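Some notes on the structure that comes next.
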Amino acid sequence: MFSYHWGGNQIPNSHYQFSPQRQYYNPYSEAGRLWTHYPIESEGSFRHSQRLTFVLVHGSWADAHFWDGVAAVLRSQGNIVYTPEYAGHGTDSNKNVTHAMITKSVVDYIRHLNLYDFILVGHSFGGTVIQKVAEQVPNRIRRLVFWDAFVLKDGESLADELPPQTRKGFEQLRAMSNDDTIMLPFDLFRALFVNTATTDDAKLFYTSIAPEPAKPLFEKLDLKAFYALQTPKSYVYFYQDNVLPQGEGYGWNPHMSTRLGLFRLIVGDGDHFTDTRTRPAYLAQKLYDASRD
């Protein structure tokens, strides 16, 4: 038995509609219901003087509905927000995907909608995705924002950044699956991903996660082109995020963040998942602060 110390859209189809401002069409109304369970709170309300365009990329054990509350807040302030779904996630039942396939999903989405001058945000595993997306469409991106996200070194995989005991645990969970996926046990999810949530909320959130394709987490990525980019970068770090251990060569900030070179740092007090549901306006403000000029 292992102990847990972890840390951790496709091109639009005919059923997906886009309402980038103020109105939001949810193509999977039943599937996404849990993600919009909480009302937008009035505390910490704000007005945005600069209008921005965001492309929000979710991480592992999530889908595009992860961003529903945050996207609604940003749109309510006049910003334009897109939340792509990528291969192996959401309604895509094919879990036999690669990191390149995931990246291609987001790149195709951006090109299909002819997006330019946008803020590309990546959360958790999504950090590795926006690293590769940025290599392919650098002239379209205004700024890269990493929120408690992996920033891999050239030649690394996400698994290389996990403590040895955690990596062994993931390998065991992968071996136990019949479709090369990893499903988080509830006690792991509760302790590390939603550690500031109530037990009842943690149980509710857990019903929204799905098995994660394992292969992309273990693929080593060529990131030489990423590290040659001059794109402005920001890092948003939440102090109570317990997914990665802090210190001893691990963690989000400064371990991951300083790999970006010159970057803007924005900090908050939340965990890895909970605030997207319970405090979307708080998280939206942090992302906006990381993105504005």
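Assorted remarks:
- Against the test of being open to solvent by less than 10 Å² (accessible area, probe 1.4 Å), in contact with a helix residue (DSSP H, G or I) (Cβ under 8 Å, 6 or more places away or on another chain), closer than 26 Å to residue 117 by Cβ and at pLDDT 70 or above, the options 97, 55 yield a single qualifying residue, 55.
- Residue count for region 208-236, restricted to those that are of a type outside the set (S, T, N, Q) and farther than 24 Å from residue 63 by Cβ: 11
- Looking at 154, 108, just one residue is more than 16 Å from the chain's Cα centre (by Cα), in a helix (DSSP H, G or I) and among the acidic types (Asp, Glu), and that residue is 108.
- Residue in region 210-219 that is in a helix (DSSP H, G or I), surrounded by fewer than 21 Cβ atoms within 10 Å (Cβ to Cβ) and out of contact with any Gly (no Cβ under 7 Å at 6 or more places or on another chain) present: yes
- Residue within region 258-277 that is at pLDDT 95 or above, within 15 Å of the chain's Cα centre (by Cα) and of a type in the set (A, V, I, L, M) present: no
- Residues of region 87-105 classified as of a type outside the set (Asp, Glu) and assigned to a loop (DSSP other than H, G, I, E, B), total: 11
- Residue in region 228-242 that is on the phi > 0 side of the Ramachandran plot, within 17 Å of the chain's Cα centre (by Cα) and open to solvent by less than 50 Å² (accessible area, probe 1.4 Å) present: no
- The condition (being under 21 Å from residue 128 (Cβ atoms), modelled with pLDDT of 95 or more, open to solvent by 10 Å² or more (accessible area, probe 1.4 Å) and not in a loop (DSSP other than H, G, I, E, B)) is satisfied by just one residue among 200, 160, 187: 160.
- Pairs where the first residue, in region 253-282, is of a type outside the set (S, T, N, Q) and the second is assigned to a helix (DSSP H, G or I) and open to solvent by 50 Å² or more (accessible area, probe 1.4 Å), C-beta under 8 Å, 6+ apart: 268/282; 270/282; 275/282
- Test set (1) out of contact with any strand residue (DSSP E or B) (no Cβ under 7 Å at 6 or more places or on another chain); (2) surrounded by 23 or more Cβ atoms within 10 Å (Cβ to Cβ); (3) among the small types (Gly, Ala, Ser); (4) within 23 Å of residue 142 (Cα to Cα) - residue 87 fails condition number: (4)
- Of all positions in region 120-141, none carries a residue that is open to solvent by 10 Å² or more (accessible area, probe 1.4 Å) and part of a loop (DSSP other than H, G, I, E, B).
- Filtering region 96-126 to residues that are touching a strand residue (DSSP E or B) at 6+ places or on another chain (Cβ under 9 Å) and β-branched (Val, Ile, Thr) leaves 97, 98, 102, 106, 110, 119, 121.
The values are calculated or read from the model by the stated rules, or taken from the named source; none is laboratory data. Keep in mind the model is a prediction, meaning the values are calculated, not measured. All Cβ positions, even for glycine, are placed from backbone atoms using ideal geometry, and neighbour counts span all protein chains on display. Surface accessibility is based on the protein's heavy atoms, side chains included, excluding ligands, DNA and RNA. Shrake-Rupley method; radii C 1.70, N 1.55, O 1.52, S 1.80 Å.
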